[in-house]
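Data first, discussion second: the structure below is written as structure tokens.
All of the numbers you see were taken from the coordinates with simple rules; none came from a lab. These numbers come from a predicted model, not from an experiment. FYI the Cβ positions are ideal-geometry reconstructions off the backbone, even for glycines, and counts take in every protein chain you see.
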Amino acid sequence: MSPLDGPAALTARGLIRDFRGFRAVDQVDLTVAAGSVHALVGPNGAGKTTLFNLLTGFLAPTAGRIELDGHDITGLPPERVARLGVARSFQITSLFPQQTARTHVELALQSGTGLGWRFWRSHRLLERFSARAGELLDLVGLGDAGDTLAGSLAYGRKRALELAIALALDPKVLLLDEPTAGMGLEDVDRTVELIAAVRDGRTVVLVEHNMSVVGRLADAVTVLQAGRVLVEGPYEQVRTDPRVIEAYLGSSEGSADAAH
Amino acid sequence: MTSLLLQRVRTPRWAGWLLLAAGALLALWLPNGLYPAVAVDMLCWALFAVAIDLLLGYGGLLSFGHAAFWGTSAYTAGLIAAHLGVPFPVAVLGGALAAAALAAPIGYLAVKRSGIYFAMVTLAFAQLVYFVANGWSSVTGGENGLQSVPRELFGLDLSDPYYFYYAALPMAALGLLLAWRIVHSPFGRVLVAIRDNPARARALGYPAHRYKLLAFVLSAFVAGLGGGLFAVAHGFVSLDVVHWTTSGKGVVLVVLGGIGTLWGGVVGAALVVNLEDQLSQAGFTLIGLVTGGIFVLVVLLFRRGLWGSAVALLRRYSRL
């Protein structure tokens, strides 16, 4: 059975977000099936990142409703959404430049424990997370970079660290904003394999421009255009949809696979 | 050992202990080298500066209203000491707790802003506290100040500031230790993370506002220890303790010593308090002009402050 037939992990109903008279997200309905990999695609300015920010609480919707496992999470602040099991990565790498890679993962591992409030204890308390942090760094191929400051990691490795941090939160839903953006082919392959490896037991939503990545990972695809949902459906169905081909190539020739 | 994240380059452990021992010896010797009353003032202002640095250096929040906490604690400690006859450390502790209690609602509103807006909100509340202190003269003495605050400690005679210094030193040391502990705690790590990238910290599940609020309250408590001690040391609380220039002086001490260095505030306080004393002894009347000039020079020449630059220099040479 495909996960697409199962219950929804994350849904959005009638989501609207206005920015000073400009409607970035317009009446978006989205159903992300539990355990699926769901890709959001669409041209620049289609509202993908805004939608991400709405789903994770970084923006409050002008109208509409967001549900996680059937519970209303509309308007919750980002830290609450994160604690409910929704982890995200950022489109533009967002790290703590002067802290080591391991510290990033330790901070993520600590966040659910409440240890962060202990101002009267030594920070060595956090060494209890260092073994698990090491495993996660190994998993994303940063095993040798634990002591490197995040600011001095190469671009592709920063993206990998973003992924390690998100995984450290052990999320039910993982939202990845362009996880392969700006990567070389080798790094793209490794990231795709990694996402494929960690999707078990999780729901993954990813914004992705690279259609070959979408093809290799996604069960379902939502195509956004000018803030609206153009098409939503299983990958195989969406890629041959004439409206999608039109939107991506400006004509009905070729297939969406060719589009980047 | 990678968790010394607040130090970009690791200093050897022995260097830290050596500095600590030197600092402790200096603190013990201090009232023999200069006027004991001046030495006591240094302790008070050092606590105040370290409290402001806790917020500014580690939380990225510039408070321009810490006089509210310094002053509230000074009045509270003064009143407790005058009316309850308890040992002075209890009065100081009571003052610091009152400052922390006041910081909770102010901080709740202030931490929702950042940058210059945070500074403005804290300044506005501090001005409010100033007008209350000025108007509520039946309690605070208004412009006449709060008179005859006793220095009670189990019947010991502490009227000589030389002995009072040694009675006050443990209390100041505990305040500094608390600040050091906070900075090097799991909480301190999260606070720095929030300072550097609030959006990322929130995406990790850390409620940034609440962390900043706790930092604000803790900072007010440490500032309150300084203010309470100041009241007992002088035996008198003047309206100056809640004046905005007191907030400004605290920030100047931190910038002089070095933002985000913790001990920089101690250095800044020692320097400025001593200088002010020397200048007033010499009959100089434009003290602000001299300290202001030094402030400008330090800001221009030592971007990291005196302590921050000294530490950076030491590190560079120790690696050669």
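By definition, a body whose alpha carbon gyration tensor gives a ≥ b ≥ c is oblate when a/c is 1.5 or more and a/b is not larger than b/c, and chain B fits this oblate description. How much of the DSSP bridge set in the protein assembly as shown is antiparallel, in percent, rounded to the nearest 5? Within the protein assembly as shown, antiparallel bridges account for around 60 percent of the total. Amide H contacts for A:ILE73 (H built 1.01 Å from N in the peptide plane; partners 5 or more residues away or on another chain; cut-off under 5 Å): A:ILE66, A:GLU67, A:LEU68.
Working from label points 7 Å from Cα in the Cα-to-Cβ sense, the A:ARG124 to B:GLN147 distance is 5.4 nm. Once backbone amide H atoms are built at 1.01 Å from N, B:LEU61 has B:LEU56 as its partners under 5 Å, excluding neighbours fewer than 5 places away on the same chain. Here the dipole of the protein assembly as shown is about 740 debye; that uses its Cα centre as origin and unit charges on the Cβ of Lys and Arg (positive) and Asp and Glu (negative). B:ALA91 sits among other residues whose Cβ lies under 14 Å from its own Cβ, and their net charge, with Lys and Arg +1 and Asp and Glu -1, is 0.
Longest stretch of chain B clear of exposed loop sites (chymotrypsin sites (Phe, Trp or Tyr not before Pro), DSSP loop, at most 13 other Cβ atoms within 10 Å, sites excluded): B:1-135.
Counting trypsin sites (Lys or Arg not before Pro) as exposed when in a DSSP loop with at most 13 other beta carbons within 10 Å, what is the longest stretch of chain B free of them?
Details: sites that count: B:ARG8, B:ARG10, B:LYS112, B:ARG303.
Within chain B, the longest run free of exposed trypsin sites (Lys or Arg not before Pro) spans B:113-302.
Placing a label point 7 Å from the Cα of B:LEU34 along the Cα-to-Cβ direction, the residues of the stretch B:246-286 whose backbone N falls under 12 Å of that point are B:267-281. By the combined test of axial Cα extent (at least 27 Å) and Kyte-Doolittle hydropathy (mean at least -0.5), the qualifying DSSP H helices of chain B come to B:13-33, B:36-59, B:88-110, B:115-135, B:161-183, B:208-234. The long axis of helix A:130-139 is offset from the longest Cα principal axis of chain A by roughly 40 degrees.
Dividing the helix sum by the residues of the protein assembly as shown, where each DSSP H run of 4 or more adds -39500 (n - 2.57), gives a mean residue ellipticity at 222 nm of -18000 deg cm²/dmol. Whole-Hz Karplus values for the stretch A:35-46 come out as x, 9, 9, 10, 9, 9, 10, x, x, 4, x, 6 Hz, taken residue by residue from phi with 6.51 cos²θ - 1.76 cosθ + 1.60 and θ = phi - 60°; glycine and proline positions read x.
Less than 5 angstrom separates the built amide H of A:ALA8 from those of A:ALA34, all sequence-distant by 5 or more or on a different chain. Could you list the residues of the stretch B:30-48 with an amide nitrogen less than 19 Å from a label point located 7 Å from the Cα of B:ALA173 in the Cα-to-C-beta direction? Answer for this model: B:30-34, B:36-37, B:39-48.
Neighbours of A:GLY184, meaning other residues whose beta-carbon lies under 13 angstrom from its beta-carbon, give a summed charge of 0 when Lys and Arg score +1 and Asp and Glu score -1.
Reported to the nearest whole Å, the Cα centre-to-centre distance from the stretch B:21-85 to the stretch B:157-177 is 11.
Each label point was placed 7 Å from the Cα along the Cα-to-Cβ direction; for B:THR285 and A:ARG23 their separation is 7.2 nm.
Say R0 is 41 Å: what FRET efficiency, to the nearest 0.05, do B:TYR108 and A:GLU246 get from their beta-carbon distance? Spell out each step's value before the answer.
Numbers: r = 53 Å, r/R0 = 1.29.
It comes out at approximately 0.20.
Between 0 and 90 degrees, the angle of helix A:185-198 with respect to the longest Cα principal axis of chain A falls at about 80 degrees.
For A:ALA60 and B:MET120, a Förster radius of 25 Å and the Cβ-Cβ distance give a FRET efficiency of 0.50, rounded to the nearest 0.05. Between the stretch A:23-74 and the stretch A:156-200, the C-alpha centres lie 20 angstrom from each other.
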